[in-house]
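Notes for the one structure printed next.
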Amino acid sequence: AKVGRFSLAAPRQRTDTGIPFVLPISPSLYEGPFPFAWHPVEVGHFSLDAQRCYCGDDHQLCYYAPPSSSIPFPRFDLLDGYHDRYVPWNEGLREGLGKVLKWIAQNNKQLQDKEKRQPLNVDYVTLRGHLTKVLTTPYETRQGWQLAVSLFCGTLYLSEIVPEAVRRQRKQCSERAKQQTYMGYKFEKYMCADTQNGTPDPSAVVNTHEAFCTVIQVQMGSHSLLFSAEVDCTDPQSPWPDPPGCYMELKTTRAMQSCAHRRNFYKYKMIKWWAQSFLSGVPRIVVGYRDDMDSVVELKTIKTASIPKTAKKLIGEEQNCWKAKVCMNFFVSFLDFVKKVVTTDDPKLVHLFEWEPEGPVSYTVHRDSEYTFLPEWYVKAIKR
Ligand code: A3P
Ligand code: MG
Ligand code: MG
């Protein structure tokens, strides 16, 4: 049952104990300098097989194998196999934090804090995708989010709730949108090999359930975070041989003909690409530009760290260009907010943080409700 609601309608901004009810999102409030260095460290990895089953190994890791630059660029037909070699995402799957919890349960000796007697020596556990949404919130104008948070044995767990209406929308998306989703995955098949010295096999089945995931830990001021992130491939020739520096993100987008198109791309899409790769310390993004025939006709490697500067140059400050420091300051404020609000250690108590464009972040409190998300097997495994 819901035990309380705190939202914008609340007449006061703080409770008597000084805990804020809401967190505003206006970018102008977060203009201070970049708050903390962000040095993501890989502490582990796992694979998800064709049936989306967890394996504590790296067998799903792919190796970056771009076409030789000495021969003319081959057109990559991104719709090849769409009808006969495609296993689309099972929309019925609700795995939540399941996979990263499995990794923690199997590796938690290395994460224990014996002095504090805490089974898991981190403040927050979540998925990279959830953090990407938080990081870009000050500039998001379309899609809100809901994050369920539980405090358990001293660690805050953050898990996204996808409302039923959004799930329905996803299921009913257009044929074209389905094709576009396929094309992103198909690009990976043209660019990556299964083995270190192998060559790509574009005749292989595209199975969206297969993945290699890195487990990242970051210390940021007084906050420590642990999250998993799906990795597209590793570059055996990377100048930064250690993970996550050797990882590469692959992306596809329409080839751009006009300055206006490029500006829009940097304003709305690139912020998401930047946030995703920045959070997990992936230094380079390889972009496949596709033409009107849905073939990749050009490749370009972009340095993640250079994206905010390029955005500023293209969009211009007076045009409300997004800023990395605003994203980061908001991000830290959100983590502070969650830590202040959620103080009762109970895996069945959920604080649901909600945000819709234009409004502030607010929260509601739920005990033993449909929002409870920490599985019993995990609670038992950690308490042992
Ligand atoms: P593109 O980003 O090239 O379109 P990721 O880029 O994060 O590795 O994801 C791989 C591909 O999965 C994406 O390729 C896209 O096709 C698909 N994808 C990821 N997130 C999606 C979403 N929210 N909706 C639809 N497709 C998505
Ligand atoms: Mg990916
Ligand atoms: Mg990708």
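Show that you can apply the helix-only estimate: for the chain, add -39,500 (n - 2.57) for every DSSP H stretch of four or more residues, divide by all residues, and state [θ] at 222 nm to the nearest 500.
-7500 deg cm²/dmol
How large are Rg and Dmax for the range 342-384 when only the alpha carbon atoms are used, in Å?
13.1, 44
What Rg and what Dmax come out for the range 288-376 when only alpha-carbon atoms are used, in angstroms?
20.5, 55
Using the alpha carbons of the range 143-262, what is the convex hull volume per residue in cubic angstrom, as a whole number?
With only Cα atoms used, the range 143-262 gives 225 Å³ per residue.
Any chance you could list P(r) for the range 125-195, counting all Cα-Cα pairs in 5 angstrom bins from zero, rounded to whole %?
P(r) for the range 125-195, in whole percents per bin: 3, 12, 14, 15, 20, 15, 11, 7, 2, 0.
In terms of modelled amide H atoms, which long-range or inter-chain residues lie less than 5 Å from the amide H of residue 224?
Here the answer is 123, 124, since their amide H atoms fall under 5 Å of that of residue 224.
Once the Cα gyration tensor of the range 31-70 is diagonalised, what are the square roots of 5 times its eigenvalues, in whole Å and ordered largest first, as equivalent ellipsoid semi-axes?
In descending order, the three semi-axes are 31, 23, 10 Å.
Would you mind getting me the FRET efficiency between residue 254 and residue 108? Use the beta-carbon distance for r and R0 = 51 Å, nearest 0.05.
Once the sixth-power term is evaluated, E becomes 0.70.
Once Lys and Arg get +1 and Asp and Glu get -1 on their Cβ, which of 141, 293, 74 lies farthest toward the positive end of the dipole of the chain?
Checked the options; the winner is 141.
Diagonalise the Cα gyration tensor of the range 193-257 and give the resulting equivalent ellipsoid semi-axes, square root of 5 times each eigenvalue, largest first, whole Å.
Semi-axis lengths for the range 193-257 are 27, 16, 15 Å.
Expressed as a whole percent, how much of the Cα-Cα distance distribution for the range 319-360 exceeds 12 Å?
So the portion of pairs separated by more than 12 Å is 72 percent.
Which angle between 0 and 90 degrees, to the nearest 10, do you get for helix 175-191 versus the longest principal axis of the chain when only C-alpha atoms count?
Tilt of helix 175-191: around 70 degrees.
Step by step: find N for the range 49-125, compute 2.2 N^0.38 Å, then divide the Cα radius of gyration by it. What's the final number?
1.76
For the chain, with only Lys/Arg (+1) and Asp/Glu (-1) charged at the beta-carbon, what is the dipole magnitude about the Cα centre, in debye rounded to 20?
Using Cβ point charges on Lys, Arg, Asp and Glu, the chain gives about 840 debye.
Going by Cα centres, the range 217-279 and the range 164-195 are how many Å apart?
Answer, in whole Å: 18.
Can you pull the Rg over Rh of the chain, Cα-only, Kirkwood?
Rounded to two decimals, Rg/Rh equals 0.96.
Non-local amide H neighbours of residue 44 (under 5 Å, H modeled in plane, Pro and chain starts lacking H): which ones?
215
If Lys and Arg each add +1 and Asp and Glu each add -1, what is the summed charge of the other residues whose beta carbon sits under 11 Å from the beta carbon of residue 133?
0
What Cys residues in the chain have no fellow cysteine's beta-carbon under 4.7 angstrom?
Here 53, 55, 153, 173, 213, 246, 259, 321, 327 come out as lacking a disulfide-compatible partner, given the Cβ-Cβ threshold of under 4.7 Å.
Given the range 154-217, what whole percent of its Cα pairs are spread farther than 18 Å?
61
Hey, if you put +1 on the Cβ of every Lys and Arg and -1 on every Asp and Glu Cβ in the chain, which of 159, 236, 110 ends up farthest toward the positive end of that dipole?
Among 159, 236, 110, the one farthest towards the positive end of the dipole of the chain is 159.
On the principal axes of its Cα set, how long, how wide and how thick is the range 72-168? Give whole Å, largest value first.
Principal extents (Cα only, largest first): 59, 33, 32 Å.
How big is D, in µm² s⁻¹, for the range 232-384 by Stokes-Einstein at 4 °C and 1.567 mPa s if Rh is the Kirkwood radius over C-alpha pairs?
Stokes-Einstein gives a translational diffusion coefficient of 68 µm²/s.
Once label points are set 7 Å from the Cα along Cα→Cβ at both residue 289 and residue 51, what is their separation, rounded to one decimal in nm?
4.4
For the range 193-307, what does the alpha-carbon gyration tensor say about shape, rounded, prolate or oblate, given a ≥ b ≥ c as the root eigenvalues, a/c under 1.5 as rounded, and a/b over b/c as prolate?
Note, shape of the range 193-307 comes out oblate.
Bear in mind that the values in this text are calculations on the coordinates, not laboratory data. Note that this is a predicted model, so its numbers are computed, not measured. For neighbour counting, all protein chains shown are included, and Cβ atoms are generated from backbone atoms with ideal geometry for every residue, glycine included.
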